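Enquirer: Let me begin by handing over the structure; questions about it come next.
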Amino acid sequence: MTATATGISAPVPVWQVALPVPLPRLFDYLPPSDIPNVPPRGARLRVPFGNRVLVGFFIGPAQAEVDGPALRAVDAVLDTHSPFDDELWHSLNWAARYYQRALGEVLALALPAPLRQGEALPDTRIPHWFLTEAGVTARARLRTGSRPRALADLLHEGERDEISLEGMPKWREALRSLHKRGLVDSRLLPPAQQVGSARSVAPDLSEAQREAVEGIQGLAGSFGVALLEGVTGSGKTEVYLAAIQHCLVRGKQALVLVPEIGLTPQAIQRYGQRLPVPVHVLHSGLSDNERARTHALMARGQARVLIGTRSAVFSPLPEAGLVIIDEEHDGSYKQQDGFRYHARDFALVRAKRLGIPVLLGSATPSLESLQHARHGRYAWLKLRERAGGARPPRVHVLDLRGQRLTHGLSRPLLDAIGACLARGEQALVFRNRRGYAPVLLCHDCGWHADCPRCDSAMTLHGRRRLICHHCGHRRTVPDACSACGGLALMPQGVGTERLEQALAEVFPDAPLIRVDRETTRRRDALEKHFEQLGDRPGILVGTQMLAKGHDLPNLTLVAIVTIDEGLFSADFRATERMAQLLVQVAGRAGRAQRPGEVWLQTHHPEHPLLQTLVSAGYPAFAEAALNERQAAGFPPFSHLALLRAEAPQVEPLDAFLRAAHAVLRGHPDISAHPPMPAPMPRRAGRLRGQVLLEATQRPALQAALRASFPRLFELPEARRVRWSLDVDPVDLY
């Protein structure tokens, strides 16, 4: 603390720093004595914080009235240039304000882990190897047929006196051998952006595809949003590729977002064959160093095409030209914990600031995007027919009432699968429930195996494991009923494991592959499953992982075991998600020349959702659903935020929710519904509750949140609970 001669504190020059902690404020630090210049905005700083050392971000200089303990000084300045360009800096600041998160948290999450920890941006130069003078002389003496000789010959061929061995791991041992003897050396060069022409020729586009491409090209060079609504198998990817080609011709970068990691290998292969530049990838399955290198390639403009999942939306785009969001309706674009951003919405914010177009693609667009298209805010591009003359699949609705089932499968469905295999084709059996059975039940007294930490039944896996899919709690199957001691413990319901077992018994000679979270934990596991099956006749059994984007030419039959659980949900979005899932999984059938068919088993064949989808398709459903949402005042005709809280005991939880509700309900133009238990009141041993906020205008909701968010941190009751704020929630769980 400093003081004047009169004893009054004088302002002290400080640096304001945003730290990756969940507190909505900036922190003041004294500048380091050995740094004469102010660092650039956003530069990373290493600072003491309590008994820890954190990497924060420089916001700007300020004057602080110091009172109390002396301020601590910045330990080190890590950057001479900000890791955020002007657009990304302002976009991330917008995201922190809109989603009500601490700025330091948002800035940190936008960087790969090594950069968050203070490491430098990786060197992206690639070693290009060449023969030394000694290597040219010694080449002929190397053993003919050996790998070192083959590599030396490769380096000596014609004009190729130096090559990059990136992506050629089989040469590494030979390279080390030659380098150790001084026969080869290398120089570091930037990665090549052009690699020549594409490896495959684009097919002729249909008239509808050409019109879509022209519509997107008409947006080039300025901000605009185009919604590409194309039925499954209509060739949306060909439209994407043509749009990217046009972007590359203009010397710009393209970012493609996909909802699932499982879609990236297939996308990379297809894009890599068609585009004249390397295609890079970014998702959580990569190592931290791989993610950091891809980030650096984008930041330096050395990567021109990037395909990634949700977090790829934070990638630098210094030469941005186009953003594509495939399967834009998918809920995977919404982060469900921590910084609860929506990648699709944040991409629109970035594109507007960058002045570039965004292409949203889906066979089942979200109701929000359709509403924008209906009112002309988005260009609406449509592909009504499947590409290449493929016909839409025939749909059969099987009424299960009164039918005898074999592990959830009816005789007509089994006969249809058998006929499919006999024709040399493939079948997909879809059940969006992994495990053997959802419930283990005592037939004598009705007891069922519940999770001791959640208000949920435990799922039976195999024959001896019970797993809670909400908290991960595990236990072995008891030998007898815990309530009555009876031995009549019976699995109830059907999961993918049980279906796999049943189908293996009925079709013992058919290749059978199960695709769910358990079978796809390893890297590229989904791609390897598809390679294992190939084009031979066989059966795929799986969850919604099989519903998105995959193109299996020999797949002609899709069997949906049941979707009855999703027809009667309290969540107003449940019917939209169910309709999208049904259409997407049905669209896997008959995508090539062979006709496809869909078999849907249900106990409710008269349900309006099924009737509308089967008779008129997704557009008719969406029209009816939008009318219902408007009448009920639900999004997209209103805007929501959800305050969630949890605690080990009910008293602190109720006290916080009451205090938070009192803060939130005082704002005009919004409705703060009274506190209520979450749909799952107990999870992982903690009680859960929530307060739902609603407003007809987004600015009114944002104003209320900005005014209330700091006050919620100041509540004494907030110290005894975990709480979070979810703006634009997609799940009210």
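Enquirer: No partner Cβ under 4.7 angstrom, meaning no disulfide-compatible partner by this rule: which Cys of the chain qualify?
Expert: Here Cys247, Cys420, Cys471 come out as lacking a disulfide-compatible partner, given the Cβ-Cβ threshold of under 4.7 Å.
Enquirer: Find how much the distance from Glu714 to Asn289 grows on full extension, using 0.36 nm per residue of separation minus their present alpha carbon separation; answer in nm with one decimal.
Expert: Going from the current span to full extension adds 149.1 nm.
Enquirer: Which residues' amide hydrogens lie under 5 Å from the amide hydrogen of Leu398, considering only partners 5 or more residues apart or on another chain, with H built in the peptide plane?
Expert: So Leu398 has HN proximity to Leu600, Gln601, Thr602.
Enquirer: Run the quick spin-label model on Arg517 and Arg147: label points 7 Å from Cα toward the beta carbon, then report their separation in nm to one decimal.
Expert: Inter-label distance under the simple model: 4.0 nm.
Enquirer: Now for a separate question. Ordered by packing density, taken as the mean number of other Cβ atoms within 10 Å over each peptide's residues, highest first, how do 552-563, 463-474, 345-356 rank?
Expert: The densest-packed peptide leads the list: 552-563, 345-356, 463-474.
Enquirer: Also: What is the extension gain from Thr132 to Asp415, computed as 0.36 nm multiplied by their sequence separation minus the C-alpha to C-alpha distance, in nm to one decimal?
Expert: 95.0 nm
Enquirer: Mind listing the Cα extents of the chain along all three principal axes, in Å, largest one first?
Expert: Result for the chain: principal-axis Cα extents of 92, 83, 58 Å.
Enquirer: Still on this structure: Full-extension gain between Glu651 and Asn51, please, as 0.36 nm times their residue separation minus the C-alpha to C-alpha distance.
Expert: Extra length from Glu651 to Asn51 when fully extended: 212.8 nm.
Enquirer: Using the C-alpha gyration tensor of region 529-574, what are the square roots of 5 times its eigenvalues, in whole angstrom, with the largest one first?
Expert: Ellipsoid half-lengths, sorted descending, are 29, 11, 9 Å.
Enquirer: Please work out whether region 207-388 counts as rounded, prolate or oblate from its C-alpha gyration tensor, where a ≥ b ≥ c are the square roots of the eigenvalues and a/c under 1.5 means rounded, while otherwise a/b larger than b/c means prolate and anything else oblate?
Expert: rounded
Enquirer: What's the FRET efficiency of Arg706 with Arg25 using the Cβ-Cβ distance as r and R₀ = 22 Å, to the nearest 0.05?
Expert: E between Arg706 and Arg25, to the nearest 0.05, is 0.95.
Enquirer: Label region 549-609 by shape, choosing from rounded, prolate and oblate, from the square roots a ≥ b ≥ c of the eigenvalues of the Cα gyration tensor; if a/c is under 1.5 it is rounded, and otherwise prolate applies when a/b is larger than b/c, oblate when it is not.
Expert: prolate
Enquirer: Ok, one more. FRET efficiency for Asp564 and Glu531, Cβ-Cβ distance as r, R0 = 35 Å, nearest 0.05?
Expert: Efficiency for this residue pair is about 0.55.
Enquirer: Taking amide hydrogens as modeled 1.01 Å from N in the peptide plane, which residues meet the under 5 Å criterion relative to Leu428, leaving out close sequence neighbours?
Expert: HN-HN under 5 Å from Leu428: Leu540, Leu557, Val558, Ala559.
Enquirer: Further, regarding this structure: Provide the per-residue ³J(HN,Hα) series for region 339-355, in order, calculated from phi with Karplus coefficients 6.51, -1.76, 1.60 and θ = phi - 60°, each as a whole number of Hz, with x at glycine and proline positions.
Expert: With the stated coefficients, region 339-355 comes to 6, 8, 7, 10, 4, 5, 5, 5, 4, 5, 5, 5, 4, 5, 5, 7, x Hz.
Enquirer: Is the shape of region 581-733 best called rounded, prolate or oblate, per the rule: a/c under 1.5 gives rounded, else a/b larger than b/c gives prolate, else oblate, with a ≥ b ≥ c the square roots of the Cα gyration tensor eigenvalues?
Expert: Judged from the Cα gyration tensor, region 581-733 comes out prolate (a/c at least 1.5, a/b above b/c).
Enquirer: If you average the sequence gap of Cα pairs under 8 Å that are 6 or more apart and divide by the length of the chain, what percent do you get for the contact order?
Expert: 10 percent
Enquirer: Give me a comma-separated list of calculated 3J(HN,Hα) values for region 716-733, in order, Karplus coefficients 6.51, -1.76, 1.60 applied at θ = phi - 60°, integers in Hz, x for any Gly or Pro.
Expert: x, 5, 5, 6, 9, 9, 9, 9, 8, 10, 10, 8, 6, x, 9, 10, 9, 9
Enquirer: So, one more: Evaluate the charge dipole of region 440-485 about its Cα centre and quote only its size in Debye, nearest 20, assuming +1 on the Cβ of each Lys and Arg and -1 on the Cβ of each Asp and Glu.
Expert: In debye, rounded to 20, region 440-485 gives about 300.
Enquirer: What list of ³J(HN,Hα) couplings, whole Hz, do you get for region 626-634 from phi and the Karplus terms 6.51, -1.76, 1.60, once you set θ to phi - 60° and write x for glycine and proline?
Expert: For region 626-634, the Karplus-derived couplings read 5, 5, 5, 4, 5, 5, 8, x, 9 Hz, x marking Gly and Pro.
Enquirer: Have a look at the DSSP beta bridges in the chain and tell me what percent are antiparallel, nearest 5.
Expert: Around 55 percent of the beta bridges assigned by DSSP in the chain are antiparallel ones.
Enquirer: Among the aspartates and glutamates, select those whose C-alpha is under 14 Å from the C-alpha of Lys528, and discard any that sit fewer than 8 residues away in the same chain.
Expert: The reachable aspartates and glutamates, counting only those whose Cα sits under 14 Å from Lys528, are Asp516.
Enquirer: Next up: At a Förster distance of 35 Å, what's the computed FRET efficiency of Arg97 paired with Gln117, Cβ-Cβ distance as r, to 0.05?
Expert: 0.85
Enquirer: Going by average Cβ density within 10 Å per residue, which order do the peptides 693-705, 394-406, 105-117 take, highest to lowest?
Expert: Result, highest mean Cβ count within 10 Å first: 105-117, 693-705, 394-406.
Enquirer: While we're on this one: Treating only the Cβ atoms of Lys and Arg (+1) and Asp and Glu (-1) as charged, compute the dipole magnitude of region 578-711 about its Cα centre; round to the nearest 20 debye.
Expert: The dipole of region 578-711 has a size of about 520 debye.
Enquirer: Provide the convex hull volume over Cα atoms per residue for region 639-727, in Å³.
Expert: 78 Å³
Enquirer: Between region 376-390 and region 473-524, how many Å separate their Cα centres?
Expert: Using only Cα atoms to place each centre, the spacing works out to 41 Å.
Enquirer: Which lysines, if any, have their Cα less than 20 Å from the Cα of Lys236, not counting same-chain residues under 8 positions apart?
Expert: Lys382, Lys548
Enquirer: Moving on to the next point. Of Ala678, Leu692, Ala641, which is farthest towards the positive pole of region 639-727's charge dipole, taken about the Cα centre with +1 and -1 on the beta-carbons of Lys, Arg and Asp, Glu respectively?
Expert: Ala678
Enquirer: Using modelled backbone amide H atoms (1.01 Å from N, in-plane), which distant-in-sequence or interchain residues come within less than 5 Å of Arg41's amide H?
Expert: Amide H neighbours of Arg41, under 5 Å, 5+ apart: none.
Enquirer: Can you show me the helix-derived [θ] at 222 nm for the chain, built from DSSP H runs with n ≥ 4 at -39,500 (n - 2.57) apiece and divided by the number of residues, rounded to the nearest 500.
Expert: -9000 deg cm²/dmol
Values in this text are rule-based calculations from the coordinates and carry no lab data. Since this is a predicted model, take the numbers as computed values, not measurements. In this analysis, Cβ positions are derived from the backbone assuming ideal geometry, glycine residues included, and neighbour counts consider all displayed protein chains.
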